[in-house]
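Data first, discussion second: the structure below is written as structure tokens.
The values are calculated or read from the model by the stated rules, or taken from the named source; none is laboratory data. Remember, predicted model here, so these are calculated numbers, not experimental data. Cβ atoms come from the backbone with ideal geometry, glycine included; neighbour counts cover every protein chain shown.
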Amino acid sequence: MTIYAFARVSVSHQNVDQQIAELQKYNPDYCVTETFTGTTLDRPKFTELISKLKSGDTLVVREVSRLGRKTSEVLQLAEDLQDRGVKLIIDNLGQLDVTSHAGKLLFTMLSGLAEMEREFMLERQRIGINRAKAEGGKYVGRKKLDPAVIKTAKSLLASSMSKKAVAKQLKIGESTLYKYLAME
């Protein structure tokens, strides 16, 4: 019966300290933190954590959106954890028990809201980009990685270095590394 606290932020200039501070009241045995987009459940540390969970364990997160931003994936995750006998606690919902009928309903609604929030953010971003372009091309977008950096990353990965270590050595975010590797 192990208690795991999980905290996630999307970008490196954010930090998980506040989330972890809030989750300390559960006296977690382990705190797992990750800087990675919430638009997918396929995140390195999160995937490893989920695979470790066994019957009787508890996973605690600050809010639904820390699990993910896609309703179907978050609901499937909750169902998988329930089937495996893992308790899931959503802290900011008063320790919501997602296995009760009312808990499932509220969890489903909040998962949908997390996804909608993400879609609104992307819409605002698109509007801002289009406005900047219309005002004379002010928008330059994200700086592309130098092909030499990508080549070096592939070389380091081929030498059995972890993706996390490669990202750190090259001073790029893990999600950026994953994005460029996925494009290949």
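Quick look at the numbers
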item	result
Sole residue being assigned by TED's automatic domain parsing to the domain that holds Gly85, free of Cβ contacts under 8 Å to residues at least 12 places away in the same chain and polar (S, T, N, Q), chosen from Thr58, Thr37, Thr33, Thr47	Thr47
Test: Phe120 is part of a helix (DSSP H, G or I), within 19 Å of the chain's Cα centre (by Cα) and without any contact (Cβ under 8 Å) to a residue 12 or more places away in the chain	yes
Set Arg66, Arg118: member being in the same structural domain as Tyr26 (by TED's automatic domain parsing) and either on the phi < 0 side of the Ramachandran plot or surrounded by 13 or more Cβ atoms within 10 Å (Cβ to Cβ) (or both)	Arg66
Selection within the range 152-184 - surrounded by fewer than 11 Cβ atoms within 10 Å (Cβ to Cβ) and either modelled with pLDDT of 80 or more or under 18 Å from Glu48 (Cα atoms) (or both)	Ala158, Ser159, Ser160, Lys171
Ser100 being among the small types (Gly, Ala, Ser), under 17 Å from the mean Cα position of the chain (by Cα) and not assigned by TED's automatic domain parsing to the domain that holds Glu174	no
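Each row is one residue, and each column tells you yes or no for (1) under 21 Å from Gln82 (Cβ atoms); (2) more than 9 Å from the chain's Cα centre (by Cα); (3) surrounded by 19 or more Cβ atoms within 10 Å (Cβ to Cβ).
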| position | (1), (2), (3) |
| --- | --- |
| Val9 | no, no, yes |
| Asp17 | no, yes, no |
| Ile20 | no, yes, no |
| Gln24 | no, yes, no |
| Asn27 | no, yes, no |
| Thr33 | no, yes, no |
| Thr39 | no, no, no |
| Pro44 | no, yes, no |
| Ser51 | yes, yes, no |
